[in-house]
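Colleague: Before I ask anything, here is the structure I am working with.
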Amino acid sequence: MRRVFADSLYWIALSHPRDQHHDDALKLSLTLRQVEIVTTDEVLSEFLTALRHTRQLRSIAALQADGVMADPSILVLPQSRQTFLDGLALYKARPDKEYSLTDCISMQAMRQEGIVEILTHDNHFTQEGFTILL
């Protein structure tokens, strides 16, 4: 089964009707019926943080996060001390990049899971050899 990683930018675009990538994310989500989506607790944390500014967005984000965690076709990798340390190692190894720690954790998780495609529009992932789908 094909596996793809979902970044916070995908969850934001999917959940926020005013996001410039919303329509593309919706269309893309319809093509993912036979795909296992993988994400992390850290990505969901970043997603919830990004949509914290209004009651409506907070409500949408909380419902979306609950839905992601309850969906059997989505694997949410748990946050741990080791995922933090793995991400920090990449963060320190790329001082010339502007990768966030969450992106580094995601990149390390993708490598460990053997995933090369990511639901995002963040070009930082292409710099590490991943294929962005949004």
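Values quoted throughout were computed directly from the atomic coordinates according to the rules given, and no laboratory measurement underlies them. Bear in mind the structure is a predicted one, so any value in this text is a computation, not a measurement. Don't worry about glycine lacking a Cβ; one is built from the backbone with ideal geometry, like all the others, and counts go over all protein chains shown.
Colleague: Grab the DSSP H runs of the chain that are 4 residues or longer, score each as -39,500 (n - 2.57), total them, divide by all residues and round the 222 nm result to the nearest 500 deg cm²/dmol.
Modeller: -16000 deg cm²/dmol
Colleague: A further question follows. Using amide H atoms built 1.01 Å from N in the peptide plane, name the residues 5+ places from residue 75, or on other chains, whose amide H lies under 5 Å from its own.
Modeller: When sequence neighbours closer than 5 places are left aside, the close amide H contacts are 37, 38, 39.
Colleague: Roughly how many whole Å is it from the C-alpha centroid of region 1-55 to that of region 86-104?
Modeller: Using only Cα atoms to place each centre, the spacing works out to 21 Å.
Colleague: Next up: Report the rotationally averaged projected area of region 1-54 based on its alpha-carbon convex hull, in square nanometres.
Modeller: The Cα convex hull of region 1-54, projected and averaged over all directions, gives 3.8 nm².
Colleague: Report the extension gain between residue 85 and residue 52 in nm, rounded to one decimal, defined as 0.36 nm multiplied by the number of residues separating them, less their alpha carbon distance.
Modeller: Once the chain is fully extended between residue 85 and residue 52, it gains 9.2 nm.
Colleague: Using a simple charge model, +1 on the beta-carbon of Lys and Arg, -1 on the beta-carbon of Asp and Glu, nothing else, what dipole does the chain show about its Cα centre, in debye to the nearest 20?
Modeller: Dipole about the Cα centre, nearest 20: 180 debye.
Colleague: Under a Cβ-only charge scheme (Lys and Arg +1, Asp and Glu -1), can you give me the dipole magnitude of region 1-50 about the Cα centre, in debye to the nearest 20?
Modeller: Here the size comes out at about 280 debye.
Colleague: In a Debye calculation with equal point scatterers on the alpha-carbon sites of the chain and no solvent, what is log10 I(q)/I(0) at q = 0.12, 0.21 Å⁻¹?
Modeller: The Debye formula, applied to the Cα set alone, gives -0.43, -1.36.
Colleague: Related question: Tell me the relative contact order for the chain as a rounded percent, counting alpha carbon contacts under 8 Å between residues six or more apart.
Modeller: 30 percent
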